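In what follows, a structure is listed as structure tokens, so that the remarks can point back to it.
The values are calculated or read from the model by the stated rules, or taken from the named source; none is laboratory data. In this text, all values refer to a predicted model and were calculated from it rather than measured experimentally. In this analysis, Cβ positions are derived from the backbone assuming ideal geometry, glycine residues included, and neighbour counts consider all displayed protein chains. In case anyone asks, the SASA skips ligands and DNA or RNA and just uses the protein heavy atoms, side chains included. Shrake-Rupley method; radii C 1.70, N 1.55, O 1.52, S 1.80 Å.
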Amino acid sequence: MAATWAGTPKIRGPSDPVRMVLLTVCLSGVQLVWGIEMAYCSPYLLSLGLTKSLMSLVWNIGPLSGLITQPVVGVIADRSRSRFGRRRPVMMVGAAAVAASLISLGWTKEIVGLFFSPGETANTCTILLAVLSIYLVDFAINAVQACCRALIVDTLPVPQQQHGSAWASRMIAVGNIAGYFAGTIDLMSIFGATLGDTQFKQLMVLASISLIFCILITCLSVEERVLLTRRKSDESSSALHVFALIWKTIWHLPTGIWDMCVVLFWAWIGWFPFMVYSTTFVAEVLKRYDTVARVNLETSDDALGDIARVGSMALVLFSCVSLAASVLLPWVVDSPESREHAKKHPVPVSTLERLSEKIAPYKPNLASTWIFGHITYAFLMLTTIFIGKVGSATFCVAFSGVSWALMTWAPFSIVGEEINKLSEPSGRVHRSRSGVYDPVAQDEFDHDVQEMEMIGASISTSAAAMVTDPEAQSHESSDLAGVYLGIMNVFACLPQFVGSFLSFVVFSILEPGKSPEFSVGGNEEAPTHGVNAIAVCMGIGGIATLVAAHFTTRFRGR
């Protein structure tokens, strides 16, 4: 039985650009929260007295929340029959939960002080409350993010999915830059103590207000259609059923999809230490090795804020480089998007179109360019071990933006082509990883396909919400597209647990104690020589990325 609906999706606004901004501005708020969390929470936890080895385990919550929350929330929202729609209620409730958790994170010491006198017990409870607040932020923001992206899929017709995804990518970039840039501003000099007596507290307040404001704009500007009755297949499918089907499909993946999962596994091991510790790395270079740059910190009343601002500036530059690369690379690389654009616009008009046409015979393919991105990132991460100046550390972080632009574009573009191939009659012939046809496995595969297709459409909306690639979202020719994208999300989350464990081992060996450079009061001296443990983690990540580059070579001839 088919689902029945009331109403039609609608976006208010006088023009198409305005409507697209109103639809996708929610993602700016989400990304701003992610940016501030990534830039500031590691130094904040270290300032509370948490050791780096334990902090590395705290960040397991990121991949865990993404792995669990997005599929579960996707299934729950898909079934919702609220008169306000399927996505907007979750977005509002989730945004309120994020805001409450951020305020709790900023005022952990004050909250604990209401129940405990200053001492070791109070310090321990402060750390536990901070960690719990971060956990709540991650779970709630993942729920909001899943519904924000699913709202785009639900609201726009199929021909406009690519257009909507492009605007989503722009608004995510805006939120990223805004989040990192906010960390570089001396908020105390602007607001005084109105929003809190430290930079960190004021950032938590601003992040909460910005998220709720952006979510409100989208919720008030978009009308959803209302689900009246569910499909029969949706009644029998549950979140656990979705996980079971994803697990079952992993063992029957087409060769191209499996190869990409392997690449993502190694690539995300490489990127984990950068995403979590890059701000802390730049700050430690400042406090430990760069004697000239740290002179101004000696008399600071908010050392944590001053240190984190230096790291945030590096991430601002990283975001700007990544945004510029994401705009320019499609014009100089032979990719599915560039070929599609050339078909639609055979006569070049803009300067970039003319340049792209001239260099067309010399363009590298996307897989080769991504391999170069892997190698460049690996080189930058391996050099962090030898860096002793803030300027050099900032350059390494900023220039990694080129590789990150490829990391967020190449895998979904390549998989989009692989999924298109599966829509062809020959695409569903199951072969073993060695390429040999197996009739028994083919029968099992055909049975799995039939079972998946019963719920494939409902999962595809949720899985599409996990990625920002327009090609992957707009192709509905393969009923298993959503399942494959969901599996890719799994292979992006699992290696982050590996990265977290490797960081735990490195920190336990090289820096088992607290970090004096972030301690409140500054009574202990920070080490001024020796190996930086975060740089070692980044170097290990660089090696993992070289492994990813090796497996990416499988796509060069396709």
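Descriptive notes on the structure:
- Contour excess over end-to-end distance, with Cα ends at residue 194 and residue 255 and 0.36 nm allotted per residue: 16.2 nm
- With K and R counted +1 and D and E -1, the other residues having a Cβ less than 13 Å from that of residue 548 yield a net charge of 0.
- Values of log10 I(q)/I(0), in the order q = 0.07, 0.10, 0.14 Å⁻¹, for the range 7-225 under a Debye, Cα-only, solvent-free model: -0.24, -0.48, -0.87
- Förster radius 45 Å - calculated FRET efficiency between residue 12 and residue 132 (Cβ-Cβ, nearest 0.05): 0.70
- Dipole of the range 7-225, positive direction: furthest Cα of 60, 199, 9, with charges on the beta-carbon: 9
- Dimensionless Rg ratio for the range 136-267, taking C-alpha atoms and the 2.2 N^0.38 Å reference: 1.45
- For residue 5, the residues whose amide H sits under 5 Å from its own are 228, ignoring neighbours fewer than 5 places away on the same chain, with H placed 1.01 Å from N.
- If only the Cβ of Lys and Arg carry +1 and only the Cβ of Asp and Glu carry -1, the dipole of the range 7-225 around its Cα centre is close to 760 debye.
- Solvent exposure of the range 7-225 as accessible area per residue, Å², 1.4 Å probe: 38 Å²
- Surrounding net charge for residue 82, when Lys and Arg each add one and Asp and Glu each subtract one, Cβ distance under 10 Å: +4
- Residues 241, 252 ordered from highest to lowest accessible area at a 1.4 Å probe: 241, 252.
- Nitroxide proxy distance, nm - points 7 Å out along Cα→Cβ at residue 240 and residue 375: 5.0 nm
- Selection among 213, 102, 48 by position relative to the dipole of the range 7-225 gives 213 as farthest towards the positive end (Cβ unit charges, Cα centre).
- Links that overshoot a 31 Å alpha carbon limit, given the list 363/389; 10/248; 109/287: 363/389; 10/248
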